[in-house]
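Read through the structure below, which is laid out as structure tokens, and then see the notes.
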Amino acid sequence: MGPPDGIAGVFDRAADTYDDVGVPWFGPIARGLVDELAVAPGERVLDVGCGRGAALAPLARATGPAGYALGIDLAPRMVDLAARDLADLPQVEVRVGDAQVPELPPATFDVVASCLVLFFLPDPADALRAWTRLLVPGGRMGVTTFGPQDDRWRAIDALFDPYLPPAMLDARTSGRRGPFASDDGMTALFDAAGLGSVRTAHRTVEAVFRDAEHYLEFSWSHGQRAMWEAVPVDARDAVRADVVAAVTALRDGSGALRFEQDVRHTLGTAG
Ligand SMILES: C[S@@+](CC[C@H](N)C(=O)[O-])C[C@H]1O[C@@H](n2cnc3c(N)ncnc32)[C@H](O)[C@@H]1O
């Protein structure tokens, strides 16, 4: 199988540095989701869009050797690296699979988790319904999205706007529009999927960048890479200079750049 197109292709190219540039980010975000899901030893757990395993690793540790933790992701390089990194946990399996239409048997998981994935999918409402069908009665769903973004961080993102196609301008990942803009929007998606006892938990995660170069390295290592790749190659140096200037202006007394990010975990239960 060749490299995938679209957003999965972006993550395939980012996989080697994903969550590995010295910014504790995806780990702390995913651990918040795993805490909220309170996985018990022996449970069967699915992590949809598992990436390098930020959630899959703590989920697998929580279910233990008597349990089962399956991660699926559409980016083969993510799958290869997650499988390599988690090879010492026999309860883990990682496979290439599409979160939009997961080809898994119904009613087989006690817990379905998905961290920072739903907003990338072509039809999030339909995907959530499909994930819900994979839960046993009483099984728990947990989905992580972003809350409001720091205005300073958003101003840096806005430097890419002139180059982004319309679909990327509706920056669902930063929660400005659509179902990802609010707790209520996510709750409505959960209601429409037939999930009950829906609740929201917010946590704050801090990103710290040593300097502008560190910020640039981070920005290529995850979904923001799609924004860089949308900038024509001959315009990238100019955008890079603008980003460096904006980041440099925001540094604190120690020379570092700090952003706090609100993270939204939406939890529900299958009937
Ligand atoms: C921001 S990353 C999150 C990864 C991981 N859950 C974490 O918290 O670090 C988004 C992930 O979703 C995956 N992804 C995007 N579209 C997908 C799809 N249709 N099916 C499965 N995975 C997908 C990407 O390959 C990427 O690994």
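The values are calculated or read from the model by the stated rules, or taken from the named source; none is laboratory data. Predicted model only: the values in this text are computed from it and were never measured. Positions of Cβ are backbone-derived with ideal geometry, glycine not excepted, and every protein chain shown enters the neighbour counts.
Only one residue in 3, 24, 90 is surrounded by fewer than 23 Cβ atoms within 10 Å (Cβ to Cβ) and modelled with pLDDT of 95 or more, so which one is that?
90
Failed condition for residue 132, given (1) within 14 Å of the ligand (Cβ to nearest atom); (2) buried (at least 16 other Cβ atoms within 10 Å of the Cβ); (3) of a type outside the set (D, E, K, R); (4) at negative phi, with all others met?
(1)
Cβ-Cβ under 6 Å, sequence separation 6+ or interchain: first residue in the stretch 20-35 and within 19 Å of residue 81 (Cα to Cα), partner near the ligand (Cβ under 10 Å from one of its atoms) and in a loop (DSSP other than H, G, I, E, B). Which pairs?
Every condition considered, the pairs that remain are 26/19; 26/54; 27/54; 30/54; 30/55.
State whether the residues of the stretch 118-129 include one that is crowded, with 22+ Cβ neighbours inside 10 Å, farther than 24 Å from residue 199 by Cβ, modelled with pLDDT of 95 or more and not acidic (Asp, Glu).
Within the stretch 118-129, none of the residues are crowded, with 22+ Cβ neighbours inside 10 Å, farther than 24 Å from residue 199 by Cβ, modelled with pLDDT of 95 or more and not acidic (Asp, Glu).
Name the single residue, out of those in the stretch 34-50 being hydrophobic (A, V, I, L, M, F, W, C) and within 8 Å of the ligand (Cβ to nearest atom), that is surrounded by the most Cβ atoms within 10 Å (Cβ to Cβ).
That would be 50.
Specify which of the listed residues (189, 257) is over 21 Å from residue 49 (Cα atoms) and surrounded by 19 or more Cβ atoms within 10 Å (Cβ to Cβ).
257
When the residues of the stretch 253-271 are narrowed to those that are in a strand (DSSP E or B) and more than 22 Å from residue 189 (Cα to Cα), which ends up farthest from the chain's Cα centre (by Cα)?
257
Being closer than 26 Å to residue 257 by Cα, among the small types (Gly, Ala, Ser) and within 13 Å of the chain's Cα centre (by Cα), is that true of even one residue in the stretch 19-30?
Taking every residue of the stretch 19-30 in turn, at least one turns out to be closer than 26 Å to residue 257 by Cα, among the small types (Gly, Ala, Ser) and within 13 Å of the chain's Cα centre (by Cα).
Read through the list (1) surrounded by 15 or more Cβ atoms within 10 Å (Cβ to Cβ); (2) among the hydrophobic types (A, V, I, L, M, F, W, C); (3) modelled with pLDDT of 95 or more, then give the number of the only condition that residue 207 fails.
(3)
Give the residue that is nearest to residue 145 (Cα to Cα), with candidates limited to residues of the stretch 55-92 that are away from the ligand (no atom under 14 Å from the Cβ) and among the charged types (D, E, K, R).
This residue is 61.
Collect the residues in the stretch 6-20 that are modelled with pLDDT under 90, assigned to a loop (DSSP other than H, G, I, E, B) and either surrounded by fewer than 17 Cβ atoms within 10 Å (Cβ to Cβ) or more than 11 Å from the ligand (Cβ to nearest atom) (or both), keeping them in residue-number order.
If the condition is that a residue be modelled with pLDDT under 90, assigned to a loop (DSSP other than H, G, I, E, B) and either surrounded by fewer than 17 Cβ atoms within 10 Å (Cβ to Cβ) or more than 11 Å from the ligand (Cβ to nearest atom) (or both), then 20 is the only one that fits.
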